[in-house]
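Every number in this text was worked out from the coordinates using simple rules, so none of it is lab data. Note that the coordinates shown come from a computational prediction; the quantities given were computed from them, not determined experimentally. Cβ placement follows ideal geometry from the backbone for every residue including glycine, while neighbour counts extend to all protein chains displayed.
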Amino acid sequence: MRSKLSLITFALIVLLPAPWVLAQKGNSADEKAIREIEMRWEAAWNRHDVAAMADVYAPNSDAINLAGEWFQGRDAFRKSLEELHSGKTQTSVWQTERTEIKFLSPEIALVHVYANSHGDRNPDGSPMAPRRVILSRVEVKHGGKWLIVSSQATNIVPRASAWAHRASQIAGE
Amino acid sequence: MQLKLCLLGLCLLLAAHASHAEPGDERAIRELAAQWEAAWNHHDPAALARLVTSDADFVNVRGAWARGREQFEKNQTAQQEGNERNSTWKTTEVDVRFVNPDIAIVHTYWTLSGELSSEGTARPPHLGIITWTVAKRDGQWLIDASQATDVVPAQSH
C-alpha cells in the first residue's frame, strides 16, 4: 500500500510538467482580450484621448517611451501623454501592424507589437518623417481583466547595410 | 495516515510553485545583471547566450528582434567581433519587480563606451535603458525577453 502510494506520488511529481511548460497556452478569449488592448490603444491615440490610452495600463505599470524616458506608474505616463498629445503628436496617426503573444503563464503574457505612426512633429515643430516602432509589453490578467504592467518602445532604424546593398544593386542595374 | 501524508506532501509541492519569491531570488537576478556586464566586457557571445532562455526574445536599440538563443548568439557574435569589440558596458542601476515567484521585470540603466558606429567611427559614450523579463527555470534565473532603448538627451526629443 505504502509503496503503491509512493509510486503514485512519484509518478505525479515526475509527470507534472514544469509550470512554464504547463502554462504556455492562454485560451482564445485571453488572446482576444490582449489584441483588443492594441485596438483600444490605437483608437485612443488616433482620437488623442489620453484617459483611454492610460486605461490599458495597470496603476503601478512601468512605461518606457521612444526617448528612453521611464515613467513609473500610470499617472506619470498619463501626464507625459497629455503633453505629447497637446504638442508633438496632436495630429499623429498610429497604426498597429502586428501583435505577437507569448503566454508566460495563464495570467502573464509577453506581447510584441509592430506599429507605425505619421503626422508627428519634431521638437522644433517641423513635420517628422513617418516612423516604425516595436514595443515589448508584459501584460497581466487581474480580476479577469488584462492590463499592461510593463512596456518599452524602440524606434526601428532602417538597416544602413540593407539600404547600401539596395543602392549598389540599383547603381548596377 | 500514509495516504494523508502523501497527499500533504503533494499539496506542499504544488504550493511551492505558487509561493512568493524566495529571499535569494532578487540577489540571483542582480547577479544575472552582473554576469551580463562581465560577459559583455569579455566580448564572449557564448557566455551571454548562457544567460538567456532557449526561446528568448531580444529587441536591440535599433528595433531589431532576435528570436531564440541561437539567433541571439549569432547576432552577438557579429556585434562582439564588430562594432562592440572594444566597447565597455557599465550597468548603473538595476530595479527588480516580481510579477509572480518565477517571473520578474527588471529595469536596467547602462552606459556603453568605446562602441563603433555602423560607419566604423567612434561613438561617444551613451546611456540606455533596458526592460528584461526574467524567468526562473529549473532554479536558475534567465533572461526571457529584453528590449533596449537609447536614452535621448532631454532637449532633443
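The figures follow:
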| item | result |
| --- | --- |
| Euclidean distance of C-alpha centroids, segment A:39-64 and segment B:53-100, integer Å | 28 Å |
| FRET efficiency for residue B:35 and residue B:117, using Cβ-Cβ distance with R0 set to 30 Å, rounded to 0.05 | 0.65 |
| Shielding score for B:141-153, defined as the mean number of other chain Cβ atoms within 10 Å | 5 |
| Dimensions (Å) - chain B, Cα atoms, principal axes, largest first | 74, 34, 23 |
| Hydrodynamic radius by Kirkwood, which averages 1/r over all alpha carbon pairs of segment A:79-132, in angstrom | 13.0 Å |
| Shape call, segment A:19-172: gyration tensor on alpha carbons, a/c limit 1.5 | oblate |
| Cut-off 19 Å, label 7 Å out along Cα→Cβ of residue A:55, residues of segment A:120-146 by amide N | A:140-146 |
| Fewest-first ranking of A:128, A:39, using other Cβ atoms within 10 Å as the exposure measure | A:39, A:128 |
| Inter-label distance, nm, simple model (7 Å from Cα along the C-beta direction), residue A:101/residue B:27 | 3.9 nm |
| Segment B:22-152, relative contact order in percent, only Cα pairs under 8 angstrom and at least six apart counted | 24 percent |
| Peptides B:70-77, A:134-141 ordered by average Cβ neighbours within 10 Å, highest first | A:134-141, B:70-77 |
| Hypothetical label at residue B:152: residues of segment A:103-121 whose amide nitrogen lies under 19 Å (7 Å Cα-Cβ projection) | A:114-121 |
| Restraint check, A:79/B:74; A:32/B:136; A:102/B:74; A:88/A:141; A:145/B:136, Cα-Cα greater than 30 Å | A:79/B:74; A:88/A:141 |
| Exercise: per-residue mean of other protein chain Cβ atoms within 10 Å, A:135-147 | 2 |
